[in-house]
Amino acid sequence: MSDFDFDLFVIGAGSGGVRASRVAASHGARVAVAEEHRVGGTCVIRGCVPKKLLVYGAHFAEDIHDARKFGWDVSDCKFHWDVLRDNVLAEVDRLEGLYGQTLDNHKVTVLRTRATIVGPQRVRLADGQEVTAERILVATGGWPHVPDFPGSEHAITSNEVFHLDALPNRVVIAGGGYIANEFAGIFNEFGSKVTIVNRGDTILRGYDEQIRDRLLQISMTKGIEFRFNAPFRSIDKNPDGSLTVHLENCDPIPADAVLIAAGRVPNTRGIGLQEVGVELDAQGAVKVDETNQSSVSSIYAVGDVTNRIQLTPVAIREGQAFADSVFGGKPTVVDYANVPSAVFSHPPIGAVGMTEAEARNKLGAVRIYTSDFRAMKNVLAGRNERALYKMVVNAATDQVVGLHMIGPDAPEILQAAAIAVKAGLTKADFDATVALHPSMAEELVLLK
Ligand code: NDP
């Protein structure tokens, strides 16, 4: 038995922290986890999970519309934001309960309080009590970045968007990334007038250009407006409660809500990291090596607070690898190659591996295959919305090095196809697979 109160003290019960806590405990470690907000973290409480439920809710707008072409007599359909909001929040409560139960079942001590590091092996809780641990894991995640401009206090972020009292008639969304495009789709389907305002001239930087262009084109066709090269200047609150957004290079935009989606910053402020010698990078993220160890040997970090790849499944992998390596005698290093990702826009995007531009830069000779098609369901519905699948192949080896898709269910299809890319399969292997007909996914084995 060590002299420490715990073998591991985890700060933050989000995706990475919960996984690390319960796996370390299952390896026999005495674990405590401190959480100042709610168990589950961003993904479960104010991110992936409630967002995906809103995406489902929003897509009914198109499904109900299209159903008429499929013979359904759909009349008098009305959307009630408060019903969806409350059901989604109830589901979040249920999941939070399950996360808490999992920790209890693994005999992890859950401290619902803020914890600050006061020594390499010592933390202080909000009530002043100090606790020692042989190792500390920082899994505090990230927090929405709100640029500094007059009136920014009138805007909301993804933290508040799930709790809106009423659906705004007009929404201005700042940013052109994941959250901006996902919520633009959600609000637009619910009938709000949506304007995306971005400081640059591109959406979804990092995704393949053709796929981004397709989303932009479809979004504009659906009625979403875009303003590019238009940094925010200020937001005024008007006497009637509405807002006016002032931008560089653009006319002011009236709005009922402004959502800031300008990236997320690592949650490292005020938790004592630098005071005990933990090095942070220029963005404020904890610098860690491939074993998730910081510059202080007893302090580790996983997930968004390390700003490697800000995705839940990556944080979970990192938490698992940390616990297996340190407490399970199974040294594990996370492999960051070919991590699939998705944007749950309308329609959604799925991608894995190199974009065409990256492949051309890195490999030189590449072959590109695309399928630009209208999903069968969209054809009958009279919906003029085309899917685009794109395969990037290393010309020297025939290996598929990238898959990029936009269209109905693209993330579902991409997850399975990502196995083939991760396994290093070739275009010939895809071609050798018989098509499953009729499906959208069959396009992947029919690319010419
Ligand atoms: P993103 O990094 O996706 O996009 C940020 C956007 O804000 C970019 O368009 C960026 O422009 C712009 N921006 C950045 N800084 C500023 C600034 N100071 N002023 C004005 N605009 C700025 O961030 P999100 O907030 O959309 O999402 C945060 C993270 O959460 C994502 O990176 C992602 O990892 C994760 N996430 C993942 C989802 C998924 O997997 N489906 C869904 C939602 C979030 P520019 O391009 O010029 O840099």
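Brief remarks on what is shown
- For ALA395, the residues whose amide H sits under 5 Å from its own are VAL366, ARG367, ignoring neighbours fewer than 5 places away on the same chain, with H placed 1.01 Å from N.
- Label-point separation, TYR336 to ARG124 (7 Å along Cα→Cβ), nm: 3.4
- Note on ASP73 and ASP409: the extension gain reaches 118.4 nm, defined as 0.36 nm multiplied by sequence separation minus the Cα-Cα distance.
- Under 5 Å from the amide H of LYS193 lie the amide H atoms of ARG170, VAL171, each residue being 5 or more positions distant or on a separate chain, with H modelled from the backbone and absent for Pro and chain starts.
- Most mobile listed residue (ALA25, ALA359, ALA184) in the chain, GNM with C-alpha springs under 10 Å: ALA359
- Virtual spin-label span in nm between CYS250 and LYS107, 7 Å along Cα→Cβ: 5.7
- Mean separation of Cα contacts under 8 Å, 6 or more apart, over the residue count of the chain: relative contact order %: 16
- Restriction of the chymotrypsin sites (Phe, Trp or Tyr not before Pro) in the range 65-139 to DSSP coil positions whose beta-carbon has at most 12 other beta-carbons within 10 angstrom yields TRP72.
- Shown in residue order for the range 262-271 are the 3J(HN,Hα) couplings computed by the Karplus curve 6.51 cos²θ - 1.76 cosθ + 1.60 at θ = phi - 60°: 10, x, 10, 10, x, 7, 10, 6, x, 10 Hz (x for Gly and Pro).
- Magnitude of the charge dipole for the range 363-433, about its Cα centre and with charges confined to Cβ atoms of Lys, Arg (+1) and Asp, Glu (-1), is about 180 debye.
- Residue-wise HN-Hα coupling along the range 284-293, computed from phi with Karplus coefficients 6.51, -1.76, 1.60 (Hz; x: Gly, Pro): x, 7, 5, 7, 10, 8, 5, 9, 6, 8
- Taken over the range 99-235, the percentage of Cα pairs per 5 Å bin, counting from 0 up to the bin with the maximum distance, is 2, 8, 14, 15, 13, 10, 8, 9, 10, 8, 3, 0.
- Rounded to the nearest 10 degrees, the angle from helix 178-190 to the longest Cα principal axis of the chain is 50 degrees.
- When the chain is described by a simple charge dipole with +1 on each Lys and Arg Cβ and -1 on each Asp and Glu Cβ, the residue from THR102, MET220, ASN384 located farthest towards its positive end is ASN384.
- In degrees, nearest ten, helix 48-67 long axis to first principal axis of the chain (Cα): 20
- Given charges at Cβ of Lys, Arg, Asp, Glu: the chain dipole, positive-most of LEU8, ALA285, LEU444: LEU444
- Stretchable slack from LEU98 to MET220, in nm (0.36 nm times residue separation minus alpha-carbon distance): 39.9 nm
- Residue among SER242, VAL92, GLY407 farthest towards the positive dipole end of the chain, charges placed on Cβ: GLY407
- Per-peptide average of other Cβ atoms within 10 Å, ordering 315-321, 270-276 highest first: 315-321, 270-276
- Modelled label positions at ASN238 and VAL434, each set 7 Å beyond Cα in the direction of Cβ, lie 6.3 nm from each other.
- Sorted on the mean count of surrounding Cβ atoms within 10 Å across their residues, most packed first, peptides 243-250, 199-206 read 243-250, 199-206.
- Helix 15-26 vs. the chain, principal-axis angle (Cα, 0 to 90°, nearest 10): 50
- In percent, rounded to a whole number, the relative contact order of the range 124-218 is 20, using alpha-carbon pairs under 8 Å and six or more apart.
- Assigned charges on the beta-carbon of Lys, Arg, Asp, Glu; the chain dipole about Cα centre (debye): 500
- 3J(HN,Hα) along the range 230-247, derived from phi through the Karplus expression 6.51 cos²θ - 1.76 cosθ + 1.60 where θ = phi - 60°, amounts to 10, x, 5, 9, 6, 10, 9, 9, 8, x, 7, x, 6, 10, 10, 9, 9, 10 Hz, with x in place of Gly and Pro.
- Cα-based radius of gyration for the chain, normalised by 2.2 N^0.38 Å, reads 1.05.
Read-outs: derived from the displayed coordinates by stated rules, not from any lab. This is a predicted model, so every value here is computed, not measured. Cβ coordinates were reconstructed from backbone atoms using ideal geometry, including for glycine residues, and neighbour counts include every protein chain displayed.
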